[in-house]
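The values are calculated or read from the model by the stated rules, or taken from the named source; none is laboratory data. From a predicted model like this one, the values you see are computed outputs, not experimental measurements. Positions of Cβ are backbone-derived with ideal geometry, glycine not excepted, and every protein chain shown enters the neighbour counts. Just the protein is used for accessible areas: all its heavy atoms, side chains included, with ligands, DNA and RNA removed. Shrake-Rupley method; radii C 1.70, N 1.55, O 1.52, S 1.80 Å.
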Amino acid sequence: IRKQYDALKSAIPKKVKIFYAIKANPNPSVCSFLRSLGAGAEIASSGELYVALKVGFEGKDIVYNGPGKTDEDIQYAIKSDVHLINVESLDELHRLNAIAKNEHRPVKVCVRVNPIQGVKKVKMQTGGGSQKLGIDEEQIETVVKTALSLNWIELQGIHVYVGSQILDEGVLLESIDNTLQIAGQMAKQFGLPLKCLNFGGGLGVPYNESEPKFDVENFGQGLTTLIHKASLLFDLSDTQFILEPGRFLVSDAGIFLTKVISVKESRGKKYAIVDGGINHAFLPIRMNKKYPTAIANKMNWPNENTTTIGGPLCTSMDVFTNEVELPHVELNDIISIFNSGAYGFSASLLYFLSAPMPAEVIVQNGQHFLARRRGKKEDFLSNCELTFRF
């Protein structure tokens, strides 16, 4: 995590602040570590705000995204003095103003823009075309006029986030160039000082050997050039620039470890059934059926045959890898699923079949400690009330 953060931080201009997207891995120990490195926090729910505050982030270091903020969410964010709230609809803007008035606290906002110009080579598109996310670029004028007319709203700038898992830095730079153009036009039209430009996240990581690594150095050089070019056209001297990486910072640091509990053959194919699957590590299963895999207790053994790694759940979806090359697989071997540090625990189907939840362990400088205890079967009734028996 430190290596990824330092590489990104050293490559980008000093005026660009990194806000860690907590959704990628909300484990408090991970969040606390990134705070210690100097990152801010990007949140998308009251739960993530609670985690951010608990691990030591101050309100001034938190930005709040998301298209479905409730009144309670907004009130909690305003009371917590979050740095920015990114507005995703006109009615949300009016609700923000009303709640800020009730709390007697002006709220700083950026308008999340869904640009006309989308991007290619993106796994999950969140900008361009018709989207539930953000406000269409054609509607910016109406939204900005409304924001400027509201007494408890302090408009800071715009936020654009076009997609996640972008591996080509040129694609992301193209989006940022477009963001700067949109912001510049808005600033000129309304005589508005741009106090914040949020470029979103989207920095990707390779999930198999055929995918390229995101080139941080080229991205940093390109970002520097784009900001300099834009500053010649309009004033960016007091502008704060924001990046919201999540997966890029934590994915490669995580390894999912699961034990072989059965070895079998089915019509010529070998299967190793393990004790954790789609309920514990959803993303490795979702992203690629040739996911980086090894046997932890046989790292230096030669590969002998192909094996399919399947989880314990009663569904055919619960398969990590199709016929991966591995050493001889035996009962009690520990299978390592690499690149599992992002969207593992938090994005998994943790209640599927009521299987115990996995422990989470932090390793630093050769030392390890338990960051989340292993689940127990009793946990599944912890929030239930057995008030009626048949």
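Here are the numbers for this structure:
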quantity	calculated
Filter result (more than 23 Å from the chain's Cα centre (by Cα), not aliphatic (A, V, I, L, M) and not in a loop (DSSP other than H, G, I, E, B)) within region 253-280	258, 259, 262, 264, 265, 266, 269, 270, 271
Residue in region 191-214 that is in a helix (DSSP H, G or I) and either within 17 Å of the chain's Cα centre (by Cα) or surrounded by fewer than 21 Cβ atoms within 10 Å (Cβ to Cβ) (or both) present	no
Residue satisfying all of: in region 79-95; open to solvent by 10 Å² or more (accessible area, probe 1.4 Å) and in a helix (DSSP H, G or I); nearest to residue 53 (Cα to Cα) among these	79
Cβ pairs under 6 Å, 6+ apart, first in region 25-50 and part of a helix (DSSP H, G or I), second open to solvent by 40 Å² or more (accessible area, probe 1.4 Å) and among the polar types (S, T, N, Q)	none
Unique match (being open to solvent by less than 50 Å² (accessible area, probe 1.4 Å), at pLDDT 95 or above and on the phi > 0 side of the Ramachandran plot) among 47, 56, 66	56
Checking residue 286 against (1) surrounded by 19 or more Cβ atoms within 10 Å (Cβ to Cβ); (2) out of contact with any helix residue (DSSP H, G or I) (no Cβ under 6 Å at 6 or more places or on another chain); (3) modelled with pLDDT under 90, the condition it does not meet	(1)
Test: residue in region 12-20 that is open to solvent by 10 Å² or more (accessible area, probe 1.4 Å) and either small (Gly, Ala, Ser) or assigned to a helix (DSSP H, G or I) (or both)	no
Top-ranked residue in region 351-371 [being among the aliphatic types (A, V, I, L, M) and either within 19 Å of residue 340 (Cβ to Cβ) or touching a helix residue (DSSP H, G or I) at 6+ places or on another chain (Cβ under 9 Å) (or both); ranked as modelled with the lowest pLDDT]	355
Test: residue in region 372-383 that is modelled with pLDDT under 95 and in contact with an Asp or Glu (Cβ under 7 Å, 6 or more places away or on another chain)	yes
Pairs with Cβ under 9 Å, 6+ apart, first in region 350-373 and under 19 Å from residue 279 (Cα atoms) and assigned to a strand (DSSP E or B), second open to solvent by 100 Å² or more (accessible area, probe 1.4 Å) and among the hydrophobic types (A, V, I, L, M, F, W, C)	360/370; 361/257; 361/370
Residue within region 166-188 that is part of a strand (DSSP E or B), modelled with pLDDT under 95 and surrounded by 18 or more Cβ atoms within 10 Å (Cβ to Cβ) present	yes
Verdict on residue 98 being of a type in the set (A, V, I, L, M, F, W, C), crowded, with 22+ Cβ neighbours inside 10 Å and at pLDDT 95 or above	no
Single unsatisfied condition, residue 262 versus (1) under 26 Å from residue 348 (Cα atoms); (2) open to solvent by 70 Å² or more (accessible area, probe 1.4 Å); (3) of a type in the set (S, T, N, Q)	(2)
Failed condition for residue 93, given (1) within 23 Å of residue 246 (Cα to Cα); (2) touching a residue at least 60 places away in the same chain (Cβ under 8 Å)	(1)
Residue in region 215-228 that is farthest from residue 195 (Cα to Cα), counting only those that are open to solvent by 50 Å² or more (accessible area, probe 1.4 Å) and touching a residue at least 24 places away in the same chain (Cβ under 8 Å)	215
Check on residue 237, open to solvent by 70 Å² or more (accessible area, probe 1.4 Å) and under 30 Å from residue 321 (Cα atoms)	no
Residue list for region 265-283, filter: surrounded by 13 or more Cβ atoms within 10 Å (Cβ to Cβ) and not aromatic (Phe, Trp, Tyr)	270, 272, 273, 274, 275, 276, 277, 278, 279, 280, 281, 283
Subset of region 292-336 [in a strand (DSSP E or B), closer than 17 Å to residue 262 by Cα and open to solvent by 20 Å² or more (accessible area, probe 1.4 Å)]	305, 306, 319, 322, 323, 324, 334
Filtered residue count, region 337-360, keeping only those that are more than 22 Å from the chain's Cα centre (by Cα) and surrounded by fewer than 17 Cβ atoms within 10 Å (Cβ to Cβ)	2
